[in-house]
1. Mind telling me which of the residues Arg84, Arg64, Arg90, Arg29 ends up being of a type outside the set (Phe, Trp, Tyr) and loosely packed, with under 11 Cβ neighbours inside 10 Å?
2. If you take the residues of region 43-61 that are touching a Lys or Arg at 6+ places or on another chain (Cβ under 9 Å) and buried (at least 16 other Cβ atoms within 10 Å of the Cβ), which of them is farthest from Phe75 (Cα to Cα)?
3. What is the residue count in region 30-42 for residues that are under 10 Å from Phe75 (Cα atoms) and of a type outside the set (A, V, I, L, M)?
4. Mind checking which pairs have a first residue in region 56-75 that is β-branched (Val, Ile, Thr) and a second that is surrounded by fewer than 17 Cβ atoms within 10 Å (Cβ to Cβ), Cβ under 8 Å, 6 or more apart or different chains?
5. Assuming Lys5 fulfils every condition listed in (1) exposed (fewer than 12 other Cβ atoms within 10 Å of the Cβ); (2) touching a residue at least 24 places away in the same chain (Cβ under 8 Å) apart from one, which condition is it?
Amino acid sequence: MAKKKRADREADKRRAEFMAAQQRLGRRRNLAGLLGFVPLAATFAATLGCATGTPLDLFCAVPRDVWLLIWAAIFGSFLGLTIRLIRERRKFLRGASDGRTA
């Protein structure tokens with residue numbers, strides 16, 4: 001009886017730690033996804049608004065390829081975090097199905 005209670009507490013603790021880690025990763029992924037729109041918007045602004053005499057000329061100071069490079073780096077981080085979320089969820093569920101308590 002005591003072993004079952006201890007196993008239940010350990011399973012609850014493991015599940016709570018997993019959920020907290022998933023939430024932290026999810027927040028970081030959402031932030032990377034949101035930040036990814038900044039260089040993408042700057043790329044479009046630099047493409048469409050150069051030499052117009054508007055405040056968009058500020059984006060023209062940086063070459064378009066640099067904006068795309070920054071966007072690709074941020075998007076790669078977003079994809080990496082997404083893959084990590086999926087793999088950790090599968091690992092957690094696989095641990096639960098192997099007989100370890102989830």
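1. On the way: Arg84 fails: loosely packed, with under 11 Cβ neighbours inside 10 Å; Arg64 fails: loosely packed, with under 11 Cβ neighbours inside 10 Å; Arg29 fails: loosely packed, with under 11 Cβ neighbours inside 10 Å.
Sole residue among the options that is of a type outside the set (Phe, Trp, Tyr) and loosely packed, with under 11 Cβ neighbours inside 10 Å: Arg90.
2. Ala46
3. Adding up the residues that qualify gives 3.
4. Close Cβ pairs satisfying both conditions: Ile74/Leu35.
5. (2)
Computed from the coordinates by the stated procedures, all read-outs in this text should not be read as laboratory data. Keep in mind that this is a model prediction, so the values were computed, not measured. For neighbour counting, all protein chains shown are included, and Cβ atoms are generated from backbone atoms with ideal geometry for every residue, glycine included.
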